[in-house]
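Trainee: Here's a structure for you.
The values are calculated or read from the model by the stated rules, or taken from the named source; none is laboratory data. Note that the structure is a prediction, hence the values are computed from the model and not measured. When we count neighbours, we look across all protein chains shown, and the Cβ atoms used for this are built from the backbone with ideal geometry, even at glycine. Please note that ligands, DNA and RNA were not included when accessible areas were found on the heavy atoms of the full protein model with its side chains. Shrake-Rupley method; radii C 1.70, N 1.55, O 1.52, S 1.80 Å.
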Amino acid sequence: MSNLDAQLDSALDLMRRLPPQDIEKNLSDLVDVVPELVEDLLSAVDQPLKVAKCKETGKDYLLCDYNRDGDSYRSPWSNKYYPSLSYQGAVPSSRLRTLEVDANQAFDTYREMYFESGICSVYLWDLDHGFAGVVLIKKAGDTERIKGCWDSIHVVEVQEKGRSAHYKLTSTAMLWLQTIKSESGTMNLGGSLTRQNESDHSVSDANPHISNIGRMIEDMENRIRSSLNDIYFGKTRDVVNDLRSIASLKDRDMQHKLASEIKMKLAAKH
């Protein structure tokens, strides 16, 4: 392994352990330390999604590398770049644009059902033997006692094979929470997970691409939520329970003593 490869592995390993809400600052600091890794780091590290407003429709949309051309970003609502380009930016074909409009409407309904608020954007682009796309979801909360944000990025590649298609999904979810209470002070909790899945599905009017992709993303997000709950919230609860006990020290000593006596008597019988 070359020195640059070792530095990149160490940088990515460090980024996985730092708070998600500070990714932009931490990434900038890393680039200052090892500027030769700037392209690799920017392409490998997922950053929290930013929001912009479509000037034509007045609707909010999310920004990412997949709808970017230079310093401009394409709105999924108007199919136009803002700020406007002096040349023709990349846009999906007519067939794919129709699918993109339908996908934005479908996933906006999904967002409303699962997140109640927030922003969702879908972008599609053409490939030689199919198409690819990204589904972005952002839900942020900011109250006096709790702050937090959920960012999920689902990149899907679709290879069309007549009446069926092969779907490859790569999903990343970033979550952070901050609670501020006078009794317990400030607590930060956050992390990110990336998962992949591949499957084949039939394609028809009754079972279109949007339906197939939607089921895969729904299942993936449920799995990621469950993993985040077990890894971060479950582990934090275990640590807190070990540090703080409701029972008195005397009661705990009696429990340990009783458990030891039972263990000794059971061992003596054998």
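Trainee: In this structure, is G118 under 19 Å from E218 (Cβ atoms), open to solvent by less than 60 Å² (accessible area, probe 1.4 Å), out of contact with any Cys (no Cβ under 8 Å at 6 or more places or on another chain) and of a type in the set (G, A, S)?
Mentor: Considered against the rule, which asks whether it is under 19 Å from E218 (Cβ atoms), open to solvent by less than 60 Å² (accessible area, probe 1.4 Å), out of contact with any Cys (no Cβ under 8 Å at 6 or more places or on another chain) and of a type in the set (G, A, S), G118 comes out as yes.
Trainee: Please determine, by comparing only the residues of region 123-152 that are of a type in the set (V, I, T) and open to solvent by 20 Å² or more (accessible area, probe 1.4 Å), which one is modelled with the highest pLDDT.
Mentor: I146
Trainee: Give, as residue ranges, the helices (runs of 4 or more DSSP H) completely inside region 189-270 that count at least 2 residues that are in contact (Cβ under 8 Å) with a residue 12 or more places away in the chain and within 30 Å of M15 (Cβ to Cβ).
Mentor: It comes to 209-228.
Trainee: Go through (1) more than 17 Å from I153 (Cβ to Cβ); (2) part of a strand (DSSP E or B); (3) basic (K, R) one by one and return the number of the condition K138 breaks.
Mentor: The failed condition is (1).
Trainee: Something else now. Which one of S72, S28, S86 is without any contact (Cβ under 8 Å) to a residue 24 or more places away in the chain, farther than 30 Å from T179 by Cβ and out of contact with any Phe, Trp or Tyr (no Cβ under 9 Å at 6 or more places or on another chain)?
Mentor: Result: S86 is the single residue among S72, S28, S86 that is without any contact (Cβ under 8 Å) to a residue 24 or more places away in the chain, farther than 30 Å from T179 by Cβ and out of contact with any Phe, Trp or Tyr (no Cβ under 9 Å at 6 or more places or on another chain).
Listed here are the residues, each with its yes/no results for (1) under 24 Å from S152 (Cβ atoms); (2) at pLDDT below 95.
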residue	(1), (2)
L37	no, yes
D40	yes, yes
A44	yes, yes
V51	yes, no
G70	no, yes
S75	yes, no
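Trainee: Residue under question is T186, and the condition is that it be open to solvent by 60 Å² or more (accessible area, probe 1.4 Å) and either touching a residue at least 24 places away in the same chain (Cβ under 8 Å) or of a type in the set (K, R) (or both); does it hold?
Mentor: Criteria not met by T186.
Trainee: Which condition from (1) surrounded by 11 or more Cβ atoms within 10 Å (Cβ to Cβ); (2) at pLDDT 90 or above; (3) over 16 Å from the mean Cα position of the chain (by Cα) is the one that Q88 breaks?
Mentor: Result: Q88 fails condition (1) only.
Trainee: Given the condition under 28 Å from K147 (Cα atoms) and in contact with a Ser or Thr (Cβ under 8 Å, 6 or more places away or on another chain), answer yes or no: does some residue in region 16-24 qualify?
Mentor: yes
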